[in-house]
Structures are given as structure tokens and as C-alpha cells.
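What follows is a set of notes on a single structure, which appears directly below.
What follows draws every value from the coordinates through simple rules; no lab data is involved. All values derive from a computational prediction rather than experimental measurement. All Cβ positions, even for glycine, are placed from backbone atoms using ideal geometry, and neighbour counts span all protein chains on display.
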Amino acid sequence: MQLSTFQDGVAAALMPQGAHPADTAPWLSALRSQPGFAVYRNTVHKACIDALQANYPTVCALVGEEWFRAAAGLFVQARPPTDGRLMAYGEGFAHFLQGFKAAAGLPYLPAVARLDRCWTESHLAADAPLLDAAWLARQSPEALSGLCLAPHPAARWAWSEEHPASTLWQRQREGTPLDAELPWQGDGALLTRPEGAVQWMPLARAGIAFLDACAAALPLELAAAHAQQAEPGADLGALMAQLLQAGALCAPPHLDEDTP
């Protein structure tokens, strides 16, 4: 037997019941039948639930630990980790909650889960140089119109059309009482990591559209048009200042700082 076959078999057997494909290999069946092996499998299952709870703290705080861990157990069975870094575990949890019957009365929960995931992705993203506002200001109008600005690798943004998911998420993260006056309307958020720590702020619909256009590699002129279309009358100058200050945009590759 190859070592990789043994390792893959043991790894699959350690997953919760139903999370691994059926394997009738005699050695693997014998391993699963050992009473002590169930202890190891339960430990792995608990570690996955613990990781999911750590990665989705806002969701857990909103629904309570008992509810969350019950839901997390079902998610682990359906989507066990494929990466040894449990800090990154939980991709797809927001989608899971959309189809989770017990969450039907909490329609904002998937959007809140997406923001928890945005935090994790921003925290784990690669480093890259930020777009320099002074360099941008030196560019001619003609150069600016055709310039493609890429979002920073650590930038994440999300919009909730029907629920104030960003406000709920932010208040829970910052410890602000949720019973404070809260307009029940859609909102957006921007998460960045400009100095090694994830930060977040509200982001208007125009900002969401602008970053979506930048992510699609559209030139600045078209990205601005998308922002105006999404939110007519938006102050694009103020929006650009917000994005630059937040560290949401990446410096162009091979940037020559001496370029006028």
C-alpha cells in the first residue's frame, strides 16, 4: 500500500459519519470498527465546529452558541475541511445558511455570515502595495480615464439589498447595543487591512459598484460610470478619497514612482 493511500484513507475516516465517500477496503473498515477510533473522529468533528465558531463569531453571537454549534455540525458533515489550516475553514457557510430551514426566520443571517467570511479572507489575504494618492493625482485626465485600478488583495466588500446586515454585523463586532434605533434597509460594508489589522466601514452602493467594476478590470472611466449608474448623484471624488484612505486599491504593477 502506498503511503498516500493510507494517509488519504485515514483522513477520510476521521471525518464525521457521512462526510467521507464509502470505502470498503478491509484495512479501513477494520480501522473504523475500533472503539477508540471513534474518539479521534469525534475530536476532529469538534475541532471543525470550534474552527467554524471562531471564524463566524458574529453569526454565533446573534443566534447563540447552542444553535450555532448544531448548525455547524451539519455543515461539517456536508462540507468537511479540505485544508489543514482551520483558520480558513468555512467557505460556503453563508450559502449553507440560505438553505437551512432553522434559519428561515433570520433572513439577514446569510448576509451577516458573508461579512464574517470577508473578515477571514481579508485577514488571510496576501500583502501588496497600496495605491498612492499622490501618484494618482499626478496622472493626466487622459491617462486616468483608461487606467485600470485593481482592488487590493485584502479588500472585501458586500452589499445586502433587503437587510441592514452591515450595520448588524458592525454593531455586534463593536459591542454596540442592537436595540438602538436601526433603519431596516439595505446597506454595504468595506473591509480592508491597510496596516496589518482588518478594519471595516460602511460603503455606499456606488462604492460597491465601483469596486465590482475594478475587480472586472474595467478602466476608471467605466468604473466611475457604473458607480454613477448604481447611485446617481454620488460624489465620486469623496468615494475615491474614502477608498484610498481605507487602502482598498492596489498600486498598478511595475509602478514607476517617477512617472509624472
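Yes or no, residue by residue, for (1) farther than 28 Å from VAL44 by Cβ; (2) not in a helix (DSSP H, G or I):
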residue	(1), (2)
GLY84	no, yes
MET87	no, no
GLU91	no, yes
HIS95	no, no
ALA102	no, no
VAL112	no, no
ARG117	no, no
ALA126	yes, yes
Select from the range 206-218 the residues that are crowded, with 16+ Cβ neighbours inside 10 Å and farther than 15 Å from ALA248 by Cβ and list them in ascending order.
-> LEU218
ARG79 passes all but one of the listed conditions (1) within 24 Å of CYS48 (Cα to Cα); (2) surrounded by 19 or more Cβ atoms within 10 Å (Cβ to Cβ); (3) touching a Gly at 6+ places or on another chain (Cβ under 9 Å); (4) of a type outside the set (Gly, Ala, Ser); the exception is number (2)
With respect to ALA197, determine if the residue is of a type in the set (A, V, I, L, M) and either farther than 23 Å from ALA227 by Cβ or outside any helix (DSSP H, G or I) (or both).
-> yes
For the range 170-185, what are the residues that are under 19 Å from ARG117 (Cβ atoms) and surrounded by fewer than 16 Cβ atoms within 10 Å (Cβ to Cβ)?
-> ARG173, GLU174
Within the range 57-76, how many residues are in contact with an Asp or Glu (Cβ under 8 Å, 6 or more places away or on another chain) and surrounded by 16 or more Cβ atoms within 10 Å (Cβ to Cβ)?
-> 2
Filter the range 144-190 down to residues that are in contact (Cβ under 8 Å) with a residue 40 or more places away in the chain and under 18 Å from ALA111 (Cα atoms), then give me how many there are.
-> 16
